[in-house]
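What follows is one structure encoded as structure tokens, with my remarks underneath.
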Amino acid sequence: MDEKRMTEISIDEMDPTFLFIWKGTRHKGNGEPEYRSHDFLEIAYVLSGEGKYRIDDKIYPVKEGDLIMINPGVKHQALLCPEADTPATEFFVGFSNVRISGCPENNIPLPGGECILHTSGELSQRLLKLCTSMEAENAVCRQGRYFMLKSYLMQMLLLVIREQCEPMERPRGYAFESASKKYVAEQVVSYIEDHYSEKISLDQIAENMYLSPFYISRIFKGETGYTPIRHLINLRLEKAKALLEGGYQGSIQEVAALVGYDDAYHFSKLFKKRYGVSPSQARKNT
């Protein structure tokens, strides 16, 4: 594919075979790998530091946020970089069985025919999070581990491909914005209902949904009339009221902890402001 940017992705064919992951830092003690090629695809993502790569007899400097795409048959070698203040720590993913329209089988192009994609900002953060998730998933032997790793790999590949795609023009005559806003609000409600007893923040909710806190807050308030944090507080107080009126005999401190508050005094102030009585009074009234 000669074009610098692609305009179409055949997502129906995105069904890769996950092979392996590996994370490491290049030091003098562990030497340099041999100059080699292989018959599968490999992604090397630089998590931190600086280094060098020899790819098809050309030397490339790499640094934090750089993604190296190594297609089958491409000779490559990670080189030691003694002049770097911090040696490169890299995360590798091996995979095969990828087909993209207009490209040879098992080949993923990068802009301008290059082999390195320099990432920053949101893309860099999302790739870093995916690497971290893959490393954590690979460390435990839980049912479905392969499919979880494969799902993270697919997200990584789609992010890389989307980075090169021209934005698709929204068809005229259709308005999906209201539906997407409703979906965002429903996902926020669902997340809060699942995690209200934990220490959660708007930033955590936003990170879980890959959206900005400002966007989520604006959309949620537009759909419900109040902010996600106000909804969280209301839900916590409703759950506490149900415990107190349902005969729960634990202390007010324990009630507060069960609905996500470490500070019983702060919890009691919120409760009284909402219901006009203190938690103790609400229990006595029942």
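The values are calculated or read from the model by the stated rules, or taken from the named source; none is laboratory data. Just so it is clear, the structure is predicted and the values come from calculations on it, not from any experiment. In this analysis, Cβ positions are derived from the backbone assuming ideal geometry, glycine residues included, and neighbour counts consider all displayed protein chains. Please note that ligands, DNA and RNA were not included when accessible areas were found on the heavy atoms of the full protein model with its side chains. Shrake-Rupley method; radii C 1.70, N 1.55, O 1.52, S 1.80 Å.
Annotations for the structure displayed:
- Loop sites in region 214-255: chymotrypsin sites (Phe, Trp or Tyr not before Pro), DSSP, at most 14 other Cβ within 10 Å: 226, 248
- Percent carbon-and-sulfur accessible area, region 11-130, ignoring ligands, DNA and RNA, probe 1.4 Å: 47
- The lysines whose alpha-carbon is closer than 19 Å to the alpha-carbon of residue 241, local same-chain residues fewer than 8 away aside, are 269, 272, 273, 284.
- Couplings for region 215-229, taken from phi via the Karplus curve 6.51 cos²θ - 1.76 cosθ + 1.60 with θ = phi - 60°, read 5, 4, 4, 5, 5, 5, 5, x, 8, 10, x, 8, 7, x, 5 Hz in order; Gly and Pro are left as x.
- Residue-averaged 222 nm ellipticity for the chain, from DSSP H runs of 4+ at -39500 (n - 2.57), nearest 500: -13500 deg cm²/dmol
- When peptides 263-272, 59-68, 201-210 are sorted by average Cβ neighbour count within 10 Å, with the highest value leading, the order is 59-68, 263-272, 201-210.
- Rg and Dmax of the chain, based on Cα coordinates, read 25.2, 81 Å.
- Of the residues 40, 147, 92, the one that moves most in a GNM of the chain with alpha-carbon contacts below 10 Å is 147.
- A simple rule links phi to the HN-Hα coupling: the Karplus curve 6.51 cos²θ - 1.76 cosθ + 1.60 with θ = phi - 60°, which for region 40-53 gives 10, 8, 9, 10, 10, 10, 7, 6, 7, x, 9, x, 9, 10 Hz, with x for Gly and Pro.
- Structure remark: mean-square fluctuation, Gaussian network model of the chain, C-alpha springs under 10 Å; the largest value among 155, 143, 187 belongs to 143.
- Folded to 0 to 90 degrees: helix 145-162 orientation relative to the chain principal axis, Cα: 70
- Whether region 23-109 is rounded, prolate or oblate, judged on the alpha carbon gyration tensor where a/c under 1.5 counts as rounded: prolate
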